[in-house]
Structures are given as C-alpha cells and as structure tokens.
Amino acid sequence: MRTVALAMVAMAIVAAVATALLSSRNTATAGSDDLQTAAVTPLPTGNTGPSGLPLPRFVSLKTDRVNVRRGPSTAHQVSWVFARKGLPVEIIAEYDHWRRVRDSEGEEGWVYHSLLTGRRTALVAPWRRDGALELHSEPNDRSATVARLETGVVGDVVDCTGEWCEITVSGYDGWIEQTMLWGVYPGERID
C-alpha cells in the first residue's frame, strides 16, 4: 500500500514537471515564426532578477563565441553557439550566474553571465529580408541621409528618444526609427 502511494506521488510530481516544461517550451517558441512580433517587445515591467537588474533587459555578447545551453549549468547540453561579438540579446530570466536569453529570432537558451556585456547594440530590422534603411543626420526622415544600412547590420546604440535612435555603424553615426531596431524596446529612452 505504501509503495502504491509513493508511486502515485512520484507520478503526480513527474506530471507536474512535464506540464511545467511543456508550458515553458510553448512560451519560449511563441512568436518565433513571426520575427516582427519578436521585435515588438513591451517595455520592461519593473521586475528585477536576483542580480538586482531589471528583467527583461537588452545586453550584447562580449565575445565571438558564446555557448547557449539548454539549462543553467555546464552540465546542460549546448544547443547552439553564437559567433558574432556585439550581437544584442534579451535577458528574460536569471538563475545564479546564468542568464536565459532570447535572440532576434525568438530562440531561447542559457548563457553564463560573464559572456554578456551591458553595452547596448541593436540589429537593423532583422525581420525584413530585403532593402536598405536610411540612417539620417537628425532624428527625422526629412534630414539628410548619412548611410544606407542593410537589414541585419549591428550598430552601437548611442541615444534613443522613444521614437528615434542614434546608432554608430562602421564609422557612420546617425538616426534611425526606433521601430526598425531589435535591441531596444519601443518607446524606450536611452541617454
């Protein structure tokens, strides 16, 4: 009788864990097919993680090689490897020294905190597949064009007004509409 009761408790725990994993997997992949949805992330809610920093928040990769793991430890399998220093990622959770990050395609995984930096960068319209976007001399579309940026280009974020962001890319400095960047929140102000 005791063995049956323990088996039932164990089955209930396994079912609860499986349900939690499935719901987190569904949450993690929601919107990953729609890149524009992934780019329109709400402003941070005022939540803070164990680090005392806000969640969610954008950061960038510190090195050219960053392992993304299935869980928050080196015991977990590497799911993929980022190979682009400066790429923006969004931290959506924290556990000890590990950060759960989301990329511009909506994929999620765990990265060790020392491989990330608070330096703000942004991807130019990664959800678009064609055409260049203009980098302007002032924060309006009537100002002179400084450069034309291909989609997927990474730039350093200098300033954001909530509608326009000043970025630097390959020696060019100018303004682009904030809605055309992944790596800053809509309406976010950065000084």
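Values as computed for the structure displayed
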{"quantity": "Residue count for region 139-170, restricted to those that are within 19 Å of residue 60 (Cα to Cα) and open to solvent by 50 Å² or more (accessible area, probe 1.4 Å)", "calculated": "3"}
{"quantity": "Scan of region 171-191 for residues that are aliphatic (A, V, I, L, M), more than 11 Å from residue 136 (Cβ to Cβ) and either part of a loop (DSSP other than H, G, I, E, B) or open to solvent by less than 30 Å² (accessible area, probe 1.4 Å) (or both), ordered by number", "calculated": "181, 184, 190"}
{"quantity": "Evaluation of residue 80 against (1) open to solvent by 30 Å² or more (accessible area, probe 1.4 Å); (2) in contact with a strand residue (DSSP E or B) (Cβ under 8 Å, 6 or more places away or on another chain); (3) more than 16 Å from residue 61 (Cβ to Cβ) (one fails), failing number", "calculated": "(3)"}
{"quantity": "Any hit, region 74-86, residues being part of a strand (DSSP E or B) and in contact (Cβ under 8 Å) with a residue 40 or more places away in the chain", "calculated": "no"}
{"quantity": "Conditions (1) charged (D, E, K, R); (2) touching an Asp or Glu at 6+ places or on another chain (Cβ under 6 Å); (3) within 29 Å of residue 70 (Cβ to Cβ): number failed by residue 120", "calculated": "(2)"}
{"quantity": "Residue match in region 75-94 (condition: among the polar types (S, T, N, Q), farther than 20 Å from residue 157 by Cα and in contact with a Leu (Cβ under 9 Å, 6 or more places away or on another chain))", "calculated": "no"}
{"quantity": "Residue in region 118-125 that is open to solvent by less than 40 Å² (accessible area, probe 1.4 Å), outside any strand (DSSP E or B), touching a residue at least 40 places away in the same chain (Cβ under 8 Å) and more than 24 Å from residue 47 (Cβ to Cβ) present", "calculated": "yes"}
{"quantity": "Residue 101 being crowded, with 18+ Cβ neighbours inside 10 Å, among the β-branched types (Val, Ile, Thr), out of contact with any helix residue (DSSP H, G or I) (no Cβ under 6 Å at 6 or more places or on another chain) and not in a loop (DSSP other than H, G, I, E, B)", "calculated": "yes"}
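Residue-wise test of (1) touching a residue at least 40 places away in the same chain (Cβ under 8 Å); (2) among the acidic types (Asp, Glu); (3) out of contact with any strand residue (DSSP E or B) (no Cβ under 8 Å at 6 or more places or on another chain); (4) farther than 30 Å from residue 71 by Cα.
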residue	(1), (2), (3), (4)
93	yes, no, no, no
142	no, no, yes, yes
149	no, no, no, yes
153	no, no, no, no
171	no, no, yes, yes
174	no, no, no, yes
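The values are calculated or read from the model by the stated rules, or taken from the named source; none is laboratory data. This is a predicted model, so every value here is computed, not measured. When we count neighbours, we look across all protein chains shown, and the Cβ atoms used for this are built from the backbone with ideal geometry, even at glycine. When the accessible area is computed, the model is the full protein with side chains, heavy atoms only, and any ligands, DNA or RNA have been set aside. Shrake-Rupley method; radii C 1.70, N 1.55, O 1.52, S 1.80 Å.
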